[in-house]
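J.: Could you have a look at this structure, given as C-alpha cells, before my questions?
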Amino acid sequence: MPYSNTGNGGAISFSNLNGSISLTNSTLSSYSTSVVGNSNKIGGAIALSATNGNVSLINSDLKSYSQSIFDNAGNGGAIALSATNGNISLNNSNPSSYSISTIGNAGNGGAVSFSTTNGNISLINSLTLTQSRGEYGSSTSGNAGAISFSALNGNITLNNSISVATSQSNSGNIGNGGAISFVNSNGNISLTGSGAIAYGKNGGAISFTNSNGNILLSGLALISTSNSSSDNVGNGGEISLANTNGNISLTGASANSSSSSSGNGGLISFSNTNGNISLNNSNLSSNSRSTLSNTGVTKI
C-alpha cells in the first residue's frame with residue numbers, strides 16, 4: 001500500500017474591533033502530521049488581533065506545527081498577537097510553533113510575535129517557543145523562527161517566563177537559532193526570573209532596544225550558543241542592550257554567547273545615551289570551548 005502525504009493545517013484568526021479577545025483554559029492548534037509518509041506541509045498561521053481592546057490568555061496554548069515520525073516534516077506556522085489601544089497578557093499560557101521529525105528531516109519553526117500600540121505586553125509563567133528538531137539517527141533540522149516583542153507607548157514585562165528559539169538534532173546537521181528581540185518606545189522593558197535561549201548551528205541574536213524608558217533585567221539568563229552534536233558548528237549569537245533616555249540595569253543576571261567547538265563566541269554589547277548602565281551580581285561571558293578557536297568580544 002503506498003504511503004500517503006498530508007496537507008496543510010489551516011489558518012486560525014481572531015480579530016476584534018472595539019472589544020477584547022479572551023481565552024481561558026483553551027487551545028488553538030493548526031497542524032500537519034504523519035506517521036508514515038511526508039508531513040512536508042505547514043502548520044497554519046494563528047493570529048489574535050484587537051483594536052480598542054485587550055488580548056488575554058489564561059491557562060491557554062497556541063500551537064502551529066508540522067510533525068512526522070518516519071519521514072520529513074514541514075514548517076510550523078507564524079503566531080501573531082497584536083493590540084492597538086489595548087494590552088496583551090499571558091498567564092500560564094504557551095504560544096509555540098515547531099517542526100519535528102523522529103527519523104526524517106524537520107522543517108523550520110515559525111515566527112512568534114507580540115505587538116502593541118498604546119498598550120502593555122505582559123507574560124507571567126509562560127513559555128514562548130519556536131523550534132526545529134530532528135530526533136533520531138541522521139535527522140536534520142531546519143531553522144528556528146524569530147521571537148519578537150514590540151511595544152509603542154507601553155511596557156514589556158516578563159515574569160518567570162522563557163523565550164526559546166532553537167534548532168537541534170541528536171546526530172544530524174542543524175539549522176540556526178532564531179533571533180529574540182525586545183523593542184520598546186516610551187515605556188520600560190522589565191524581565192524578572194525569565195530567560196531568552198537561542199541556539200543552533202549559529203546562536204540567534206538576542207537584543208533589547210529602548211527609548212524613553214528603562215531596561216531592567218533581574219534574575220534571568222540570556223543564552224545564545226552554537227551547539228551541535230555533528231560537525232556543523234558555527235558561532236554564538238550577538239547579545240545587545242541599547243537604550244536612549246533611560247537606564248540599563250542587570251541584577252543577578254547572566255548573558256552567555258558561546259560556541260561548543262570551532263566557532264567564535266558572539267559580541268556582547270551595552271550602549272546608552274542619557275542614562276546609566278549598572279550591573280549587580282551579574283555575569284557576562286563570550287567564549288569558545290575549543291583550544292583551536294577564537295573567542296568573541298564583550299563591549300560596554
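J.: Do any strands (runs of 3 or more DSSP E) entirely within the range 122-215 hold 1 or more residues that are in contact with a strand residue (DSSP E or B) (Cβ under 9 Å, 6 or more places away or on another chain), under 24 Å from I42 (Cβ atoms) and modelled with pLDDT under 95, and if so, which?
T.: 127-134, 162-169, 195-200
J.: Looking only at the range 82-121, count how many residues are in a loop (DSSP other than H, G, I, E, B), closer than 16 Å to S181 by Cα and of a type in the set (A, V, I, L, M).
T.: So the answer is 1.
J.: Looking only at residues that are β-branched (V, I, T) and at pLDDT 90 or above in the range 101-121, which one is surrounded by the fewest Cβ atoms within 10 Å (Cβ to Cβ)?
T.: T117
J.: Now for a different question. Search the range 241-263 for residues that are in a loop (DSSP other than H, G, I, E, B) and pair each with any residue that is basic (K, R) and crowded, with 22+ Cβ neighbours inside 10 Å when their beta-carbon atoms are under 8 Å apart and the residues are at least 6 apart or on different chains.
T.: Cβ pairs passing all conditions: none.
The values are calculated or read from the model by the stated rules, or taken from the named source; none is laboratory data. Remember, it's a predicted structure, so these values are computed and weren't measured experimentally. Glycine also receives a Cβ, built like all others from the backbone with ideal geometry; neighbour counts cover every protein chain displayed.
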